[in-house]
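Nothing in this text is a laboratory measurement; each read-out follows from the coordinates by a stated rule. What you are looking at is a predicted structure, and each value in this text was computed from that prediction instead of being measured. Here Cβ is always computed from backbone atoms with ideal geometry, including for glycine, and neighbour counts include all displayed protein chains.
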Amino acid sequence: MSSKVSRRQFLSYSLMGVGGFMVSAAVMPMVRFAIDPVLQAKSDGDFIATSQKVDELTDVPVRVDFTIKDRKDAWYKSDVSNTAWVYKEGDTVIALSPVCKHLGCTVNWEGDNHKNEFFCPCHAGRYEKNGKNVAGTPPLGPLDEFQVQEVDGFVYLGKTVPNTLV
């Protein structure tokens, strides 16, 4: 026995199919946007090469500039310049973030009246050489520390972590 589809049923099925297709076309980008970051490979262990040779480091912090290539911010990729204060303490290479913990200004090593200290010119913040904030000055915490590796005699910097020196 063959059952015929009425004109009304055909239109109903057609409209449901087209409507379902349109809804899925609208919903799929939202679903992908929600789950795509979960599926991306994490790059927390990546280290960035610098031009600083380990054997040229002393116990005096030097400014080391480096570039993070193809940093992705949502769908926009760009190169980001960054800086670290790097020095040696014995055989250990130490790299500190130059970002002040008060308002995010950039700290400098040894200003005019600040020997053996990091100084933030924005609000007179001061830090000891190991990044510890000097009591009585605006910063409420120590400078962050970069993860450091030595590869082929050069300093490689990773992500920033809370200061372990203080």
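Worth pointing out:
- Phi angles across segment 148-160 convert, under the Karplus curve 6.51 cos²θ - 1.76 cosθ + 1.60 with θ = phi - 60°, into 3J(HN,Hα) values of 10, 9, 10, 10, 6, x, 10, 7, 10, 10, x, 6, 7 Hz, Gly and Pro given as x.
- Residues C120, C100, sorted so that the one with the fewest Cβ neighbours within 10 Å comes first: C100, C120
- Here is the P(r) of the chain: all C-alpha pair distances, binned every 5 Å from 0, give 1, 7, 13, 14, 12, 10, 8, 5, 4, 3, 3, 3, 3, 3, 3, 3, 2, 1, 0, 0, 0 in whole percents.
- GNM flexibility winner over the chain from V60, V31, V148 (Cα, springs under 10 Å): V31
- Note that segment 130-144 has calculated 3J(HN,Hα) couplings of 7, x, 5, 6, 7, 4, x, 10, x, x, 9, x, x, 5, 5 Hz, one per residue in order, obtained from phi through the Karplus relation 6.51 cos²θ - 1.76 cosθ + 1.60 (θ = phi - 60°); glycine and proline are x.
- Put a plus charge on the Cβ of each Lys and Arg, a minus charge on the Cβ of each Asp and Glu, and nothing anywhere else: the dipole of the chain about its Cα centre is then about 1540 debye.
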